[in-house]
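The values are calculated or read from the model by the stated rules, or taken from the named source; none is laboratory data. Since we're looking at a predicted model, the values are computed, not measured. Using ideal geometry, Cβ is built from the backbone for each residue, glycine included, and neighbour counts are taken over all protein chains shown.
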Amino acid sequence: MHTESQFNRREWLAATAGTLSLAACPVLGTVNAAPAQRPRVAAIVTEFFYRSHAHVILENFLKPYYFNGKLTDSGMDVVSLYVDQFVAGKDMARDVAKQFKIPIYSTIAEALQVGGKELAVDGVLSIGEHGSYPSNERGVTMYPRKRFFDEIVSVFRKSGRSVPLFNDKHLSYRWDWSAEMMDVAGELKIPFMAGSSVPLAQRRPALEIPPGSVMEEAISIHGGPIEIYDFHGLEVLQAMVESRRGGETGVSEIQLIEGDAVWKAAEEGRWSLPLAEAAMKADPGKDVGPLKGFVEPKDGKQYPVHAILIKYRDGLRGTILRVGNNHTRWKFACRLAGKPEPLATSFYVGPWENRNLFKALSHAIQALIRDKRAPYPVERTHLVTGMLAAAMDSNFEKHRPVKTPHLEFAYQPIDYRAMREMGETWKIITEDMPQPKGIDPGGPART
């Protein structure tokens, strides 16, 4: 049973009234001095198969990968592995462990202790995506990210020290567990990072929100399944809007609508169809025409259109729109005060579907472990975790608006351009190159 510290909860509630930022906290990186040797990393994963998150993250730790056109070594070693489920017929964990001489341990504690009795690694990857886990009444898969976190933290407490920890995707399917994880990370001074790979992708055309901009409305568009891709759409939105004047101030209401209600809401002015069309036209040659009634021009499941309508505390209106069934569609557009034309961009994932997105994410995780400081705010993903949970509540409760006073907290953005792919890699790894199998971040060495 997961319990919450009353002392930490009061601190959390007090913090939500003002600006909250673990990333900016001066004691966040207070851990034991970095060892002279290459940092040692433990990987805690749900499943490990071709194109799983475990595969596409760890390959960039195990072999050199391209980041902004430069062949890059992680500078650290994966020394232990815990696998929660082995996938019959397609598991990669055992072969990879043998190839790279990485022991697989039967418990998370043993993996962090590398078979000993004390914490014996300098960083932890918690990759809780994929696997056969039950769903809750809202249809959300209950991935064991909170359980992984608790078992990792148990070793930190026992050893009397903490090391950098990366949590793949959102913190939990439950908001209260996400809040507890944030409390504990603050209490133990854990350098903590989480989130999506998509905000780190190349922006085409290049777009930076001018500092101090007053943003009136923003939209993020994707073409994937409900919830699991809504998360990425929310992270894209939040990564862009958090840089507006005053930073992030929180969210007051969320509503998920679908089908005809989406288009009716546009007619009522609750979200901007012209802004969405500007986003869809951002990538040259990718305009899909009128959005209403749009069907993806390819075979496959056609997801029904849905939208997540977001009211921010400072008056900003945000929308997540799902159209079509293109899993590499990541679009953004916004309207700034006093500017007649919208700003719009497309997040380019690179060749090999979404696999190459994880090069930049892995680079950011490696910076976390080396610097003992998150390169962008974990509060972003904490807020998105709450936004996504509220959207699923709205969907389950017949699309009613959900008030979110618990999400009315503030944080300040961090300039993370050094962690983003700017496009040089795609001059080396090109669209006509076949996607490699196994552990192979890909691309011939530049001559």
### Message
Kindly evaluate Arg355 against the criterion of being in contact (Cβ under 8 Å) with a residue 12 or more places away in the chain, in contact with a helix residue (DSSP H, G or I) (Cβ under 7 Å, 6 or more places away or on another chain) and charged (D, E, K, R).
### Response
yes
#### Entry: Boolean, Val45 is more than 18 Å from Ile152 (Cβ to Cβ), crowded, with 22+ Cβ neighbours inside 10 Å, aliphatic (A, V, I, L, M) and modelled with pLDDT of 95 or more
no
### Message
Could you list, ordered by first residue, the pairs with Cβ atoms under 6 Å in which the first is in the range 68-82 and within 28 Å of Tyr348 (Cβ to Cβ) and the second is aromatic (Phe, Trp, Tyr), at least 6 apart or interchain?
### Response
Thr72/Tyr65; Ser74/Phe61
### Query
On the given criteria, is Tyr411 out of contact with any Pro (no Cβ under 7 Å at 6 or more places or on another chain) and either crowded, with 17+ Cβ neighbours inside 10 Å or in contact (Cβ under 8 Å) with a residue 60 or more places away in the chain (or both)?
no
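For (1) assigned to a helix (DSSP H, G or I); (2) closer than 28 Å to Gly442 by Cα, each residue gets a yes or a no:
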position	(1), (2)
Phe358	yes, yes
Tyr376	no, yes
Glu379	yes, no
Leu383	yes, no
Asp393	yes, no
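Can we say Ala367 is more than 30 Å from Asn326 (Cβ to Cβ), of a type in the set (A, V, I, L, M), under 19 Å from the mean Cα position of the chain (by Cα) and part of a loop (DSSP other than H, G, I, E, B)?
On the way: more than 30 Å from Asn326 (Cβ to Cβ): yes; of a type in the set (A, V, I, L, M): yes; under 19 Å from the mean Cα position of the chain (by Cα): yes; part of a loop (DSSP other than H, G, I, E, B): no.
Considered against the rule, which asks whether it is more than 30 Å from Asn326 (Cβ to Cβ), of a type in the set (A, V, I, L, M), under 19 Å from the mean Cα position of the chain (by Cα) and part of a loop (DSSP other than H, G, I, E, B), Ala367 comes out as no.
Could you grab me the full set of residues in the range 155-166 that are under 19 Å from Arg40 (Cβ atoms) and in a helix (DSSP H, G or I)?
Residues of the range 155-166 that are under 19 Å from Arg40 (Cβ atoms), as a first pass: 155-156, 158-166.
Within the range 155-166, Val155, Phe156, Lys158, Ser159 qualify.
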### Query
Can you list the strands (runs of 3 or more DSSP E) found entirely within the range 287-349 that contain at least 1 residues being within 25 Å of Val402 (Cα to Cα)?
306-312, 317-322, 330-336
### Message
Please determine whether any residue of the range 265-283 is part of a loop (DSSP other than H, G, I, E, B), buried (at least 22 other Cβ atoms within 10 Å of the Cβ), of a type in the set (Gly, Ala, Ser) and touching a Ser or Thr at 6+ places or on another chain (Cβ under 6 Å).
### Response
yes
### Message
For the range 175-234, which positions are charged (D, E, K, R) and in a helix (DSSP H, G or I)?
### Response
Asp176, Glu180, Asp183, Glu187, Asp230
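In contact with a helix residue (DSSP H, G or I) (Cβ under 7 Å, 6 or more places away or on another chain), outside any strand (DSSP E or B) and either in contact (Cβ under 8 Å) with a residue 12 or more places away in the chain or assigned by TED's automatic domain parsing to the domain that holds Ser272 (or both): does that describe Gln255?
Numbers: in contact with a helix residue (DSSP H, G or I) (Cβ under 7 Å, 6 or more places away or on another chain): yes; outside any strand (DSSP E or B): no; either in contact (Cβ under 8 Å) with a residue 12 or more places away in the chain or assigned by TED's automatic domain parsing to the domain that holds Ser272 (or both): yes.
Spelling it out, it is not the case that Gln255 is in contact with a helix residue (DSSP H, G or I) (Cβ under 7 Å, 6 or more places away or on another chain), outside any strand (DSSP E or B) and either in contact (Cβ under 8 Å) with a residue 12 or more places away in the chain or assigned by TED's automatic domain parsing to the domain that holds Ser272 (or both).
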## Note on the structure
Within the range 351-404, residues being crowded, with 21+ Cβ neighbours inside 10 Å, farther than 14 Å from Leu234 by Cβ and β-branched (Val, Ile, Thr) number 3
